[in-house]
Amino acid sequence: MISSKDTVKEAMLKAKSKKVYIEGNFVKLLSDTSDPDVKDYIEECRSRDLNSRKKRLQITKQVQKQNRDLEEAAVVKEALVLELQNSLEESKKLRDEALEDLEVMQKRTQFELISTIVKVALYVIVGVGVLTTVMYAWAMSSGTDTQIIGSTWSNMFGILLTNAFSIVGTIMGVKYATDKD
């Protein structure tokens, strides 16, 4: 216990001049006395010590609460990050599937277009060939001179065959030129 009058008086002077009081475990060491000034000083020290302890406890509780809130927020943030990553992976997967479906549709459309072009070209070629043959046969059966029609018929078939192979070759070339493999 601190009971020396000089020590307590020195502490009282510091308290008055610089507003510095004894705190913490030192307050417990101050002994009660009959001197009213010392008694008031000791009570003031105890009161200030109690207030500062309450403030520190309040601050500690506030910091602990903030730490708990931050930890909870970190957990929520981590869950959101995982959810975003899963959503991103799922959207990439869906995008890839959509691109694959689009590519299949484009190939099917190209195939249908090529098929239509080939059919129409073959119908035209066969139609012109049949029409020319019918005209040539009619000219021969009617007894007209078929020398000019014969050479024309021969040339027409050569041109039609050349065009047919040209169309098919062009279509096949376009098909293989656009193929990725």
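Observations on the model:
- Within the stretch 101-181: Cβ-based charge dipole about Cα centre, in debye rounded to nearest 20 (Lys, Arg +1; Asp, Glu -1): 20
- Put in line by how crowded their Cβ is, counting other Cβ atoms within 10 Å and starting with the fewest, TYR41, TYR136, TYR123 read TYR123, TYR136, TYR41.
- Residue pairs, from the table LYS18/LYS55; LYS16/LYS55; LYS9/LYS61; LYS9/LYS55; LYS14/LYS61, whose Cα atoms sit over 30 Å apart: LYS9/LYS61; LYS14/LYS61
- Electrostatic dipole magnitude of the chain [Cβ: Lys, Arg +1; Asp, Glu -1; Cα centre; debye, to 20]: 1300
- This structure gives Cα Rg over 2.2 N^0.38 Å, computed directly, and of [x] 3.34; [y] 1.14; [z] 2.16 that value is listed as [x].
- Of the residues ALA137, SER87, VAL168, the one whose Cα sits farthest towards the positive end of the charge dipole of the chain is SER87 (charges of +1 on Lys and Arg Cβ, -1 on Asp and Glu Cβ, taken about the Cα centre).
- Under the simplified labelling scheme, the VAL75-LYS16 pair shows an inter-label distance of 5.7 nm, with each label point 7 Å from Cα along Cα→Cβ.
- The label-point distance for VAL168 and GLN62, in a model that sets each label 7 Å from Cα toward Cβ, rounds to 9.1 nm.
- Exposure proxy shown here: for ASP49, ASP101, the number of other Cβ atoms within 10 Å sets the order, fewest to most, as ASP101, ASP49.
- According to the Kirkwood relation over distinct C-alpha pairs, the hydrodynamic radius of the stretch 111-163 is 12.2 Å.
- Sorted by Cβ density within 10 Å, fewest first, the residues ARG56, ARG46: ARG56, ARG46
- Remark: relative contact order (the chain) = 13 percent; criterion is Cα-Cα distance under 8 angstrom and separation of 6 or more residues.
- FRET E, pair THR133, MET105, Förster distance 45 Å, beta-carbon r, rounded to 0.05: 0.60
Values quoted throughout were computed directly from the atomic coordinates according to the rules given, and no laboratory measurement underlies them. Keep in mind it's a predicted model, so treat the numbers as computed, not measured. Here the Cβ is made from the backbone with ideal geometry for all residues, glycine too, and neighbour counts use every protein chain on show.
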